Amino acid sequence: MGFFDALLGRSKPKRANLDDLFALPPAALTLQAATGFTPTGVGAVAFRQVEGAAFQSAESESVALIGSDPAASVRQENDGFGFTWQVVADENAEVVNLVTNIHAVNSALVNQGFDTMLLCTTVYFVHPDGRRMALVYQYKRGTFYPFVQLGPKQRDNPLEIQVKGILSSELPFEEDTSNWSALWDAPGMNDTPGAPELQ
């Protein structure tokens, strides 16, 4: 940050640190204890797809890494907004395994020089009453935020604020709530908890 930025109160957004993802397993336990939301065993990595052999190689590398885990599966989905999602599932709903595999997808893309194409990573949760939640890691800001979907185009803002209060000591949270983008029915959000059949 330069002198004039500091003087005028401007700050640069935090840069992404993929290792922040490894804070998710303990955060998931805290979240479950405080709110009743449990991990579904599903998460996703969203990125802007580009043409070319190098990009296809990075995608293939990440799928191959996940394929070596017998409890994991992966599928690819386009969201209609120019982004591709690699949806990863762990049949035992093990958050540690899930995060390790999601990290592998991210790392494969970053190692091939496609870090600027990354949009976000999501890990999904479900409440006994059917509500769905995503903990979202946004790359351009290096921060997390919660997204709780109540129904079609309906979100639970008070609960999202509550979740921030619960997890802010465990995860680097996005302070500016205007950057908490809605991810309506994001790929993987509504997958069956526990052991989704993904190909």
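Values for this structure:
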quantity: Value of [θ]222 nm, deg cm²/dmol, for the chain, DSSP H segments ≥ 4, -39500 (n - 2.57) each, nearest 500; calculated: -9500 deg cm²/dmol
quantity: Range in the chain, longest, excluding exposed GluC sites (Glu not before Pro) [loop by DSSP; at most 14 other beta-carbon atoms within 10 Å]; calculated: 52-174
quantity: Exposed trypsin sites (Lys or Arg not before Pro) absent: longest stretch of the chain, with sites in DSSP loops and at most 12 other Cβ within 10 Å deemed exposed; calculated: 16-152
quantity: Per residue accessible area in Å² of the chain, where ligands, DNA and RNA are left out and the probe is 1.4 Å; calculated: 48
quantity: ³J(HN,Hα) computed for each position of the range 40-50 - Karplus, 6.51 cos²θ - 1.76 cosθ + 1.60, integer Hz, glycine/proline x; calculated: 8, x, 10, x, 8, 10, 10, 8, 7, 6, 10
quantity: Solvent-accessible area, 1.4 Å probe, carbon plus sulfur percent, for the chain; calculated: 53
quantity: Most mobile listed residue (136, 88, 110) in the chain, GNM with C-alpha springs under 10 Å; calculated: 110
quantity: Where the Cα pairs of the range 61-199 fall when distances are cut into 5 Å bins, in %; calculated: 2, 9, 19, 23, 22, 17, 8, 2, 0
quantity: Under the Karplus curve 6.51 cos²θ - 1.76 cosθ + 1.60, θ = phi - 60°, whole-Hz ³J(HN,Hα) for the range 87-103, x wherever Gly or Pro sits; calculated: 8, 10, 10, 10, 5, 9, 6, 7, 5, 4, 4, 4, 5, 4, 5, 5, 4
quantity: GNM top mover of 117, 189, 133 - the chain, alpha-carbon springs below 10 Å; calculated: 117
quantity: Value of relative contact order over the range 25-167, rounded to a whole percent, pairs C-alpha under 8 Å and six or more apart; calculated: 27
quantity: Rounded to the nearest 20 debye, dipole of the chain from Cβ charges on Lys, Arg, Asp, Glu; calculated: 620
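The values are calculated or read from the model by the stated rules, or taken from the named source; none is laboratory data. In this text, all values refer to a predicted model and were calculated from it rather than measured experimentally. FYI the Cβ positions are ideal-geometry reconstructions off the backbone, even for glycines, and counts take in every protein chain you see. Protein only, heavy atoms only, side chains kept; ligands, DNA and RNA dropped before computing areas. Shrake-Rupley method; radii C 1.70, N 1.55, O 1.52, S 1.80 Å.
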